[in-house]
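Structure record follows, encoded as structure tokens.
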Amino acid sequence: MTDTYAPGLENVIAAETALSDVDGARGRLVIAGHDVEELAMRSSFEEAAAMLWQAAGMPGAPEGGAAVRAALGEARAAAADRLPRLGDALAAGDGMDGLRGAIGQLPATGDLARDAIAATGAAAVFAAAWARRQAGRPPIAPDPGAGHAEDYLHMVTGEVSAPRARALDHYLVTVSDHGMNASTFTARVVASTGSDVVSAVTAAIGALKGPLHGGAPGPVLDMLDAVGTPGNAEAWLRAELAAGRRIMGMGHRVYRVRDPRAAVLERAIGELEASGAQLALARAVERTATELLRERHPDRPLAANVEFYTAVLLDAAGLPRTLFSPTFAVGRAAGWTAHVAEQVRTGRLIRPASRYIGPQPG
Ligand code: COA
């Protein structure tokens, strides 16, 4: 395992996993035995989920992309049936709060595969319904026969566009799993207590919400809007750094080079018509931010992370920026649920130690 950790914790191995490996020094991400570049461009979200669930040894998980596609279609239909019974969960002002509240209401049956499929399918339905409600519109019914990415896009925008659906599919695969990140660790901790898939995914959504983890892509788009043109990038970024603020979409706990997912998403964006000027602006901002951060932190490489191009891709696909973090959860649900199954197989409680630094009694 090649993940690296905070100073002093470099040798802490939180779990053994067959799901994904993050090589932070070389900028390489392997998911279920495939380089992320290859997996994202060649496999659908359903195929990636099938690989993750099989690699996790999830009992009863559907095998292969076609079986997962059918199962997720049914799960989306079942989740849509629950929409009228969710109370105020989807009235939350923040999409991650809405998703957390709605997913938390799913029944936990105790059947790993059944609950994993239900939660993964429901994430797309609830995220889309939250966005529609925010826009003052009724939810759009899922099409159980459609692909997950295509149907999610349709449930959000009411439109069907093959290139946009393909780009979104590339995105969902790209973020489907990523080593022992904070939300995946959260899911595994919950699973390790003998709790259930729904509780693990609900907790993971809470961890993903924070701006240091999955909450950055919306602010990245705000930044691109504020910068406006490539010529303004340097002055704007210098002012942000001088004010002590972090540049969203830059830096990573594990990667010491550019996040390999940034390249995958950049390539996927290139296939979308609407993205030309925005992509050029993003590239200029990334280039300048990388240079300025190198000046300030010559010993600590800070390069673009996955969130940087997530913002551009999801915007070009037609999703509102408030839905960017929930859409991350839609993709990561495959990885979270696979990790839950893998953790359950170990049968071990995760119980890290702390170092006491308080006073000793009298
Ligand atoms: N912009 C400006 N400075 C940054 C920075 C950024 N995006 N990321 C890190 N730094 C600086 C820190 O201020 C710190 O400087 P200091 O030593 O002078 O205090 C130094 O680089 C090291 O940062 P540190 O907080 O130790 O790095 P980390 O590994 O804990 O943080 C992130 C990783 C992702 C939390 C951090 O890079 C960040 O906040 N990025 C922006 C948010 C983001 O894009 N999140 C999505 C992650 S996928």
- Task: Write down the Kirkwood hydrodynamic radius of the chain, to one decimal in angstroms, obtained as one divided by the mean of 1/r over all alpha carbon pairs.
- Result: 20.7 Å
- Query: What longest region of the chain stays clear of GluC sites (Glu not before Pro) that DSSP places outside H, G, I, E and B and that have at most 16 other Cβ atoms within 10 Å?
  - Reply: 160-270
- When only C-alpha pairs under 8 Å and at least 6 residues apart count, what is the relative contact order of the chain, in percent? 24 percent
- Task: Provide the per-residue ³J(HN,Hα) series for segment 54-64, in order, calculated from phi with Karplus coefficients 6.51, -1.76, 1.60 and θ = phi - 60°, each as a whole number of Hz, with x at glycine and proline positions.
- Result: 5, 4, 7, x, 6, x, x, 5, x, 9, x
- Val264: accessible area at probe 1.4 Å, nearest 10 Å²? 10 Å²
- Compactness summary of segment 26-184: radius of gyration and Dmax from Cα atoms, Å, are 15.5, 48
- Message: In the chain, once you exclude exposed trypsin sites (Lys or Arg not before Pro) (DSSP loop, at most 13 other Cβ within 10 angstrom), what's the longest stretch remaining?
- Response: 27-244
- Query: Based on DSSP H runs of at least 4 residues, each adding -39500 (n - 2.57), what is the mean residue ellipticity at 222 nm of the chain after dividing by all its residues, to the nearest 500 deg cm²/dmol?
  - Reply: -17500 deg cm²/dmol
- Take the solvent-accessible surface of the protein heavy atoms, probe 1.4 Å, and return the percent of it on segment 75-231 that carbon and sulfur atoms account for. 53 percent
- Residues whose modelled amide H sits under 5 Å from the amide H of Arg28, counting only those 5 or more places away in sequence or on another chain, are Asp23
- Query: Averaged per residue, what accessible area in Å² does the chain show with a 1.4 Å probe, protein chains only?
  - Reply: 43 Å²
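The values are calculated or read from the model by the stated rules, or taken from the named source; none is laboratory data. All values derive from a computational prediction rather than experimental measurement. Cβ sites come from the backbone with ideal geometry, for glycine too, and all protein chains shown count toward neighbours. For accessibility, only protein heavy atoms count, side chains too; no ligands or nucleic acids. Shrake-Rupley method; radii C 1.70, N 1.55, O 1.52, S 1.80 Å.
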